[in-house]
2 protein chains.
Amino acid sequence: MTRTNHSVGQVSPQRAHFDTPIKLRSGAVLPAYELVYETYGRLNAAKSNAILVCHALSGHHHVAGHYAGDPDSLGWWDNIVGPGRPLDTEKFFVVGVNNLGGCHGSTGPSSPNPATGKPWGADFPMVAVVDWVHTQARLADLLGIDSWAAVIGGSLGGMQALRWAVTYPQRVRNAIVIASSPRLSAENIAFNEVARQAILTDPDFHGGHYYEHNVKPVRGLRLARMLGHITYLSGDQMAERFGRKLRNDSLSFGYDVEFEVESYLRYQGDKFASYFDANTYLLMTKALDYFDPARERAGDLAATLALAKARFLVVSFTTDWRFSPARSREIVNALLKNGQDVAYANVDYPAGHDSFLMDDPHYHALVKAYLGRVTL
Amino acid sequence: MTRTNHSVGQVSPQRAHFDTPIKLRSGAVLPAYELVYETYGRLNAAKSNAILVCHALSGHHHVAGHYAGDPDSLGWWDNIVGPGRPLDTEKFFVVGVNNLGGCHGSTGPSSPNPATGKPWGADFPMVAVVDWVHTQARLADLLGIDSWAAVIGGSLGGMQALRWAVTYPQRVRNAIVIASSPRLSAENIAFNEVARQAILTDPDFHGGHYYEHNVKPVRGLRLARMLGHITYLSGDQMAERFGRKLRNDSLSFGYDVEFEVESYLRYQGDKFASYFDANTYLLMTKALDYFDPARERAGDLAATLALAKARFLVVSFTTDWRFSPARSREIVNALLKNGQDVAYANVDYPAGHDSFLMDDPHYHALVKAYLGRVTL
């Protein structure tokens with residue numbers, strides 16, 4: 001087998017329709033739904049080589065490769081998926097899926113509500129991480145995948161990997177949990193709450209039914225993203241990239257951009273608000289806040305994780321203050337307490353929480369080495 | 001002399017009018033202005049016992065005591081000012097002043113613009129820390145105070161103490177700089193920028209001329225304060241106070257308050273937005289961002305501080321991540337490099353940045369001991 005290291009190339013999304021009603025964590029029942037997904041590599045005859053990539057707050061199914069005629073449309077984790085890459089598509093069949101409630105093609109708040117024919121908007125039911133896992137399991141059924149070689153994700157994606165291992169222990173052989181946490185802290189929830197309030201109090205939100213008013217709560221969504229971005233980066237990295245650098249040579253004593261960091265945040269906020277759906281953003285932050293699998297075992301994380309049969313790889317980043325290495329170690333320590341099989345690395349990388357998306361040789365080498373030992 | 005430890009009791013504000021135009025750091029000239037201030041204790045015959053208390057972002061002149069008929073109207077730093085307290089009013093004459101641009105009685109954006117007769121609004125000139133120091137110096141002239149026994153402040157107030165020591169070296173014998181920083185980091189500026197954008201993009205802001213529309217940008221100001229509050233507390237303290245505690249026993253799967261920390265932030269945001277002026281908030285955050293006295297010496301903090309003649313007391317708090325102990329040590333190290341007289345304490349207290357407002361015995365004992373040695 002030739003071992004190259006390049007992208008999976010041209011890809012195209014697929015769509016799966018599910019007609020069996022699903023009862024969600026909130027108690028609401030969704031009568032039917034669609035999931036949009038992509039696959040890279042080939043499913044082997046034993047159907048034993050599939051890896052599920054779970055996305056974080058603003059991610060989606062387009063994990064790797066590019067679309068026809070658009071070489072710049074690279075997937076959000078293209079650097080880790082491909083022939084010879086850590087998620088080696090010469091060995092593995094990799095699946096990316098847009099989560100239920102998303103805004104990239106799967107059924108979500110902007111989809112038509114069958115009861116009204118109008119977009120669901122704020123009436124779309126709240127989704128929890130466990131709901132995503134159940135819908136992903138139905139997609140696995142459809143693809144004929146009994147058990148994943150691995151479920152992998154960063155941040156909120158890592159929470160899905162953790163949930164998979166606990167909820168479907170027979171169907172996950174390896175769980176790779178990166179830059180994640182067993183539950184949000186009060187401070188994490190507080191940041192999410194400010195972001196939500198920015199959206200909910202935007203006059204263009206219209207109680208979540210802005211689609212019907214032909215407006216979008218772009219001001220609120222922009223603020224939410226600006227705030228989010230501060231928590232994705234490390235203070236040191238911001239100091240190095242921006243410091244106190246001014247856009248112009250001197251202060252202008254006004255509220256236009258003066259410092260470079262202001263320009264960066266406004267750009268990120270504007271870009272995000274132009275394409276992302278505010279109702280999906282709200283749902284995603286709530287799924288983050290709610291995630292706490294140990295709650296079902298009176299807060300005992302070890303007792304919860306004891307349900308899992310998977311081997312674990314847990315990765316944190318030294319400069320991540322959103323989900324600090326200490327949060328990853330809570331997971332590791334709970335697994336060790338149970339005598340479960342876990343590898344852990346705290347990677348020294350400067351990019352804060354966003355490090356999990358970066359092409360760091362040490363980080364990629366360890367994911368590659370871990371997956372290289374996975375037998376099919 | 002009896003040594004008790006109680007409040008200064010009933011106080012009342014005073015008002016000073018200044019008719020000499022002042023040229024501000026921005027280049028703008030303010031033809032006249034008023035400052036509202038309070039004093040506690042008695043100025044001695046030599047006028048050598050005066051302490052200036054500088055306020056932070058949301059503070060004002062009402063530092064200690066209470067107003068007639070309102071025993072609950074305690075000043076914001078009442079716990080440190082009074083007979084027998086660290087700023088001992090049996091020894092010192094303590095002055096609190098609302099800064100120029102404020103919203104508690106001194107001339108600011110809600111004051112009438114003499115050119116139009118309407119509130120200044122967004123046309124009020126930007127103010128810098130050095131402008132506050134110059135106007136405070138004029139107040140000192142009015143009170144007959146040639147030199148302050150001490151200038152003291154926390155956070156943005158500490159920046160004023162630092163500025164005083166550098167700008168009027170002959171007029172400050174002791175500078176007490178608490179929970180402060182020689183300049184904001186990119187991350188500090190980033191948080192301020194999100195807060196400003198929340199206000200500036202609130203449809204009720206009306207370009208800063210909301211007074212004329214009989215509305216206030218309460219949504220934006222509320223978000224700014226919620227975000228601010230996260231940075232004033234420590235993560236550990238939030239974990240201890242709120243953790244993942246729910247308002248009710250179970251999740252409600254909606255956007256009303258679910259977690260206690262959400263309730264706390266909304267309450268703080270609502271309260272603040274009901275009384276504070278949004279234009280003042282914007283000005284204060286800009287004064288924070290601009291503060292960088294070392295910029296005048298090509299970034300050399302030691303060269304800048306070498307101008308000072310004062311003795312220094314620098315205090316940081318272990319759990320402060322807004323202005324971490326490392327920021328205080330930058331000041332201390334620059335002073336030590338110059339062989340200047342500085343005492344430094346890093347106080348172990350859990351309340352994050354807000355620790356400087358707290359009644360911690362160790363913290364208060366060290367301020368008291370320092371001021372006890374000050375000769376008049």
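Exposure check, 1.4 Å probe, all protein chains in place: A:E34 carries approximately 50 Å² of accessible surface.
Computed with a 1.4 Å probe over protein heavy atoms only, the accessible area of A:I331 comes to about 0 Å². Note on B:Y344: accessible area approximately 70 square angstrom, rounded to 10, probe 1.4 Å, nucleic acids and ligands left out.
At an R0 of 30 angstrom, the distance between the Cβ atoms of A:R42 and A:R329 translates into a FRET efficiency of 0.20.
Annotation: average projected area of the range B:80-154 is 6.3 square nanometres, based on the convex hull of Cα atoms across all directions.
Each 10 Å bin from 0 upward holds the following percent of the Cα-Cα pairs of the range A:167-289: 12, 32, 30, 19, 5, 1, 0.
Helical content of chain B, expressed as a calculated mean residue ellipticity at 222 nm, amounts to -10000 deg cm²/dmol (DSSP H runs of 4 or more residues, -39,500 (n - 2.57) each, divided by residue number, nearest 500).
Solvent-accessible surface of protein heavy atoms, probed at 1.4 angstrom with all chains present, puts B:M358, B:M284 in the order B:M358, B:M284, largest first.
A convex hull fitted around the alpha carbon atoms of the range A:1-104 yields 128 Å³ per residue. In the range B:247-376, if every C-alpha pair distance is counted and binned at 10 Å from zero, what percent goes to each bin? Bins of 10 Å from zero give 10, 25, 31, 21, 9, 4, 0 percent of pairs. In order along the range A:303-310, phi translates into HN-Hα couplings of 4, 5, 5, 4, 5, 6, 10, 6 Hz, rounded to whole numbers, per the Karplus curve 6.51 cos²θ - 1.76 cosθ + 1.60 with θ = phi - 60° and x for Gly and Pro. Along the range A:82-90 the Karplus relation, 6.51 cos²θ - 1.76 cosθ + 1.60 evaluated at θ = phi - 60°, assigns HN-Hα couplings of x, x, x, 7, x, 8, 6, 6, 7 Hz to successive residues, with x for each Gly and Pro. Across all directions, the shadow cast by the convex hull of the range A:115-214 built on its C-alpha atoms averages 8.6 square nanometres. Can you figure out the FRET efficiency of B:V215 with A:V374, using R₀ = 60 Å and their beta-carbon distance, to the nearest 0.05? Approximately 0.50, to the nearest 0.05.
Comparing the range B:265-311 with the 2.2 N^0.38 Å rule of thumb, its C-alpha radius of gyration ratio is 1.81 (two decimals).
Quick one: check the C-alpha center-to-center distance for the range B:92-112 versus the range A:129-207, whole angstrom. If we compute the Cα centre of each part, the gap is 50 Å. Under a Gaussian network description of chain B, with springs only between Cα atoms under 10 Å, the residue in B:L184, B:L52, B:L30 that fluctuates furthest is B:L30. Across B:R42, B:R163, B:R297, mean-square fluctuation computed from a Gaussian network of chain B (C-alpha pairs under 10 Å connected) peaks at B:R297. Let me make sure I get this right: for the protein assembly as shown, a, b and c are the square roots of the gyration tensor eigenvalues over alpha carbons, sorted descending. Under 1.5 in a/c it's rounded, otherwise prolate if a/b > b/c, else oblate. Which is it? The shape class here is prolate. Label separation (B:L307 vs A:H17): 7.4 nm, computed from points 7 Å beyond Cα along the C-beta direction. Put simply, the amide H of B:V342, placed in the peptide plane, has neighbours under 5 Å in B:F312, leaving out anything fewer than 5 places away on its chain. Residue by residue, the range A:8-24 carries 3J(HN,Hα) couplings of 6, x, 6, 9, 8, x, 10, 9, 10, 10, 10, 9, 7, x, 10, 8, 8 Hz when phi is fed to the Karplus relation 6.51 cos²θ - 1.76 cosθ + 1.60 (θ = phi - 60°); x denotes Gly or Pro.
Each copy carries B:G27; placing its label point 7 Å along the C-beta direction from Cα gives inter-copy distances of 6.3 nm, listed from smallest up. Less than 5 angstrom separates the built amide H of A:F259 from those of A:R247, all sequence-distant by 5 or more or on a different chain.
When both the range B:326-348 and the range A:262-314 are represented by their alpha-carbon centers, they are found 41 Å apart. Only Cα pairs within less than 10 Å get springs; with that Gaussian network setup on chain A, which residue of A:V261, A:V151, A:V127 has the largest fluctuation? Looking only at A:V261, A:V151, A:V127, the largest GNM fluctuation is found for A:V261. For A:K337, the aspartates and glutamates whose Cα falls under 17 Å of its own Cα, not counting residues fewer than eight places away in the same chain, are A:D300. Amide H contacts under 5 Å for A:W148: A:V172, A:R173, restricted to partners 5 or more places along the chain or on a different chain, H placed in the peptide plane at 1.01 Å from N.
Accessible surface comparison of B:W76, B:W120, A:W132, probe 1.4 Å, protein chains only, largest first: the order is B:W76, B:W120, A:W132.
Charges at C-beta only: +1 for Lys and Arg, -1 for Asp and Glu. How large is the resulting dipole of the range B:284-337 about its Cα centre, in Debye rounded to 20? It works out to roughly 160 debye. For the set A:D341, A:D277, the ranking by accessible area, highest first and with no ligand, DNA or RNA atoms included, is A:D341, A:D277 under a 1.4 Å probe.
Label points for B:R295 are taken 7 Å from Cα along Cα→Cβ. From this copy to the others they lie 4.6 nm apart, shortest first. Projected over every direction and averaged, the convex hull enclosing the alpha-carbon atoms of chain B yields 20.0 nm². Rolling a 1.4 Å probe over the heavy atoms of the protein chains gives the range A:286-376 an accessible area of 43 Å² per residue. Over 20 Å between Cα atoms: which of A:K23/A:K309; B:K91/B:K368; A:K216/A:K271; A:K309/B:K245 fall into that group? Table pairs above 20 Å Cα-Cα are A:K23/A:K309; A:K309/B:K245. When Rg and Dmax are taken over the Cα atoms of the range A:56-189, they come to 16.0, 49 Å.
The values are calculated or read from the model by the stated rules, or taken from the named source; none is laboratory data. Because the structure is a prediction, the values reported are computed rather than measured. Note that each Cβ is placed from the backbone with ideal geometry, even for glycine, and that neighbours are counted across all protein chains shown. With ligands, DNA and RNA removed, areas are computed over all heavy atoms of the protein, side chains included. Shrake-Rupley method; radii C 1.70, N 1.55, O 1.52, S 1.80 Å.
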